[in-house]
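Some notes on the structure that comes next.
No value in this document is a laboratory result; all are computed from the given coordinates. Model, not experiment: these values are computed from the prediction. Quick reminder, even Gly has a Cβ in these numbers, built from the backbone with ideal geometry, and neighbours come from all protein chains shown.
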Amino acid sequence: MTSSECDGSRESFDSNAVEANGIFIEVTNPSPRFYPTPVFPIPKNLLGTHTSIQVTLRIINNTSTSFRLNPSQTFIPEVWASDRQTRQRLRDIDCLAASTHPNRPFDREATSGLAGLRPNLAPAIEHNETRNFDWWEIKPELPRIIFLTALLYWDNNLLVLKVPTIPDNSLSSIDHNNFWYFEVLPEQTYQLRFVFNTDRNTTPVSQSDTKEVRTVPETGSGLLPSSFVNLRLVMPVSSDSSAIEVDGIQFKTEMPEPVLTIPPNLPGNQTTVKLGIRATNNTSTAFRFQQLDSLDLTLIGDDGKEIKWRSDLMRSWVGKGPNYYLAPPRDSALFVLDGTLSWHGNRLILAIPNQAGGFYYFYDLKPGTYHLGVIYHVSALSVTNLKEQVLEKVWTGWITLPFVDLHLVN
């Protein structure tokens, strides 16, 4: 597939935030500042498997007046390759067919880059932004956080990045107008950004306490780009699909007993969940690995829905585990995350320690298959003091590990 130049210079959008009309939008997670090149595994070429890539945006209003944001406001995704070319968007009609029939390959015919797509944005924008919503008020100096989750998966032999155009909490149905699709290549590094449509921002604002109505001035029109976030796509280790290796360091989620028996719903009964993250040092340099406050977990049911976790972070001060592990050359370190499966009333709970004195809790589980994902991230800023205390090199970065399956049975 060929690609085309986007109008305007690539360098003009390299800053963390680009401001227009007193508004700017930036990527805050994965933070381009603290994690320059997050790594994501390429999933298996199997139906139903994917890698989730959640991007957090922050919209900041630097004007003196509040404005309203439609929750279905369009965020136009743009994907750049390492050759500074934009990846072409796949045609909506083919992507709709693919989302309905996941095994059907995409038609590789595509439109041009962002410049060429602008005339074609109107139908999708109108579809999303002419519906009735409770508009969000963006007050001066009070940022609004937006979550957008992209999916990386195979459609037969085509690796596809599926990117939403509206925030996650506005995705009430599978609608092809709410997603853009890009063909990407394995073992490549891409840049992703979102171009915010600032049109249609004028709307009456009703004051609930006085019922007064005032008009919010327009904040301007046009397309406002966010900062870029890098996406490094890496194939899992050929001999172990649950492991990923980056720059000589191999990371793997270990679950030696993936079939877990649900304990009887009686006081004190529980099932031990053996879990760990192994970092193997295949370099000639010793590395220190920080564990405290460095792990995020994702649990997805067989229906593809994410199960939100809760955590007792107020207990973080009681943590007694090691803050870091040493892995000499050709050796490994294991972060032990053994958890439990138990009942709280009639709710089945998976509890996994956060290594800070508390736990991640996943509630209301049932018999079936689940997919557990782990993100290991350590910023250079968080290990400043550690670097001053040890001679070994301290590993920093952002690694999303491949999902592992766990099966709950009676």
Open item on the list: Using the Cα centre of segment 243-409 as the reference point, and only Cβ charges (+1 on K/R, -1 on D/E), how large is the resulting charge dipole? Debye, rounded to the nearest 20.
Closed with: 300
- [ ] Quickly work out the Leu381-to-Asp364 label distance, labels modelled 7 Å from Cα along the C-beta direction, and quote it in nm with one decimal.
- [x] 3.5
TODO: Would you calculate the separation in nanometres between label points at Val409 and Leu142, each defined as 7 Å from the Cα along the Cα-to-beta-carbon direction?
DONE: 5.3
- [ ] Quote the FRET efficiency, to the nearest 0.05, computed for Asn169 versus Glu254 with a Förster distance R0 of 41 Å and r equal to the Cβ-Cβ distance.
- [x] 0.75
